[in-house]
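The values are calculated or read from the model by the stated rules, or taken from the named source; none is laboratory data. What you are looking at is a predicted structure, and each value in this text was computed from that prediction instead of being measured. Glycine also receives a Cβ, built like all others from the backbone with ideal geometry; neighbour counts cover every protein chain displayed. Surface accessibility is based on the protein's heavy atoms, side chains included, excluding ligands, DNA and RNA. Shrake-Rupley method; radii C 1.70, N 1.55, O 1.52, S 1.80 Å.
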Amino acid sequence: MPSAYALIDCNNFYVSCERLFAPRLAGRPVVVLSNNDGCVIARSEEAKALGVAMGEPYFRCRNLLRRHGVQVFSSNYTLYGDLSRRVMDLLRELEPEVEVYSIDEAFVRLPAAAPAELAEQGRRLRELIRRWVGIPVSVGIAATKTLAKVANRLAKQEPDHGGVFVLASASVDAVLAGVGVGEIWGIGRRRADLLRTHGLRTALDLKRGDDAWLRRRLTVTGLRTAMELRGVSCLTLAEAPAARHSVASSRSFGRLVSDRGELGEALISYLSLAAEKLRRQGLVAASLHVYLTTDRFQATTPQYSGGRTVILARPTGATPELIPPARRCLEALFRPGYGYRKIGVVLAGLSPAGMRQGELFASSGPAAAEALMEACDRVNQRWGRDTIRSGGAGLVRPWRNRREYLSAAATTNWAEIPVVTA
DNA sequence: TCTGGGGTCCTAGGACCC
DNA sequence: TCTGGGGTCCTAGGACCC
């Protein structure tokens, strides 16, 4: 290979994070639930062996989990985010070219070398991350990112690979023949179905697919995937994170909400979250989108969903300036008589706060709003989220979602730091 | 009773302009 | 009688990812 890509992927990441501060969970089945304790989004190997499916609704497997004494956690993104940062920081110390791809994955570019040597490098990264952060990872190495994904899957599947697998070009076809077309990175449910109805069942079939047909039916992204399987690198390493295009915040409610006032509280509350995220990244938004929807799983009740986008008078990240237009969106969208399950907000048209265009007819410039927001953010950072918040976000918040099995913020909050007793 | 949330990219189609 | 062609921008919707 001219140069190789390594994919470092944390094993069952959320579960590994929970186990880090609860060693008694080692070897025991553990699952982590999505927001609202909705469905299973991470499973330990023991939980997988019990037949708990990825994405399975919690209410449907609750009995099975209880019967087998499976330890259940709500998502603790504060904890996962911090441990992710530690893994990625270490990786960047060890390697010059790193792309953080997701909370639990990173691509690394390695100089060309013999497979045995690449495997040795993979083992080294794996061991250092295990020793210094405590999170187990798998490493897949190949000529392209898509093939590195395949290699990583094999590193995880076969215990005798020791968590590291190098997919050398000589063995690519034999390996791809054993990989289902739906398991390839970039091929989701719809495309997998389409490919199978046309007789392409394995990664090898896709690799040998007709370019014009792939381009037409799967767009350029599908063709790129096929090229990558052929060893032609089409996806390069993105070391600097790309500029964001949007910031969103939404939640499902703990119960259905029909009351306009409660919807408004939830909206302001999520809007505040999104605006805070925006300011933390030094951005302002030029447009705002609000959407709401009823419960799509209740086929028997009347369904309604809608969204509304407004262009803001001026780009801003100040919550008080965003609230009135957001309220107007809700007023336009709201239909009485429905049970709503979810409301959300998307801030888009993002640009750096410093580059904002001047205003022709400003009365009280954006400076005042900015200073206010800065002060609020500082207070909330020091004394905890929501110490200062918009009155419109509500105090009781009966619509709040569930997090019944939350673990401690063991690495980011002094009050929740683990205590060691001898 | 109970089914997550936050992103990206691509394409098609319409509006608009010269 | 005659009904171009090319370009840009925007939006909605689909598909995919973790």
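Tabulated data
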quantity	calculated
Of A:119, A:140, A:287, farthest towards positive along the dipole that unit charges on Lys, Arg, Asp, Glu beta carbons give chain A	A:287
At 0.692 mPa s and 37 °C, Stokes D of the range A:1-156 from Kirkwood alpha-carbon radius, µm² per second	200
5 angstrom amide H check on residue A:401, placed H, neighbours 5+ away	A:254
Charge dipole (debye, nearest 20) of chain A; +1 at Cβ of Lys and Arg, -1 at Cβ of Asp and Glu	1140
Average accessible surface area per residue within the range A:291-344, 1.4 Å rolling probe, Å²	54
Cα-based equivalent ellipsoid, the range A:100-174: semi-axes from gyration tensor eigenvalues, Å	19, 13, 13
Alpha-carbon centroid distance for the pair the range A:1-43 / the range A:152-175, whole angstrom	20
Whole-number D in µm² s⁻¹ for the range A:255-305, Kirkwood Cα-pair radius fed into Stokes-Einstein, 20 °C, 1.002 mPa s	163
Whole-number percent relative contact order across chain A, with pairs defined as alpha carbons under 8 Å at least 6 apart	17
Under-5 Å amide H pairs with residue A:75, H placed in peptide plane, nonlocal only	A:33, A:37
Alpha carbon Rg of chain A, scaled by the compact-globule rule 2.2 N^0.38 Å	1.11
5 angstrom amide H check on residue A:97, placed H, neighbours 5+ away	A:109
Burial ranking of peptide ranges A:268-276, A:405-413, A:282-290 (average Cβ count within 10 Å, highest at the top)	A:268-276, A:282-290, A:405-413
Heavy atoms of residue A:351: accessible area, 1.4 Å probe, square angstrom to 10	40
Dipole axis of chain A (+1 Lys, Arg; -1 Asp, Glu on Cβ), positive-most option in A:29, A:63, A:74	A:63
Rounded percent of accessible protein surface that carbon and sulfur make up, the range A:123-278, 1.4 Å probe	50
The range A:1-69: equivalent-ellipsoid semi-axes (sqrt of 5 x gyration tensor eigenvalues, Cα, Å)	26, 15, 11
Rg/Rg_globular for the range A:236-383, with Rg_globular taken as 2.2 N^0.38 Å and Rg from C-alpha atoms	1.15
Rounded D (µm²/s) - the range A:142-217, Kirkwood Rh over Cα pairs, Stokes-Einstein at 20 °C, 1.002 mPa s	165
Distance histogram in 5 Å bins (all Cα pairs of the range A:150-264, percent per bin)	2, 9, 15, 16, 13, 11, 9, 8, 6, 5, 3, 1, 0
Volume per residue of the C-alpha convex hull in the range A:278-346, rounded to whole Å³	86
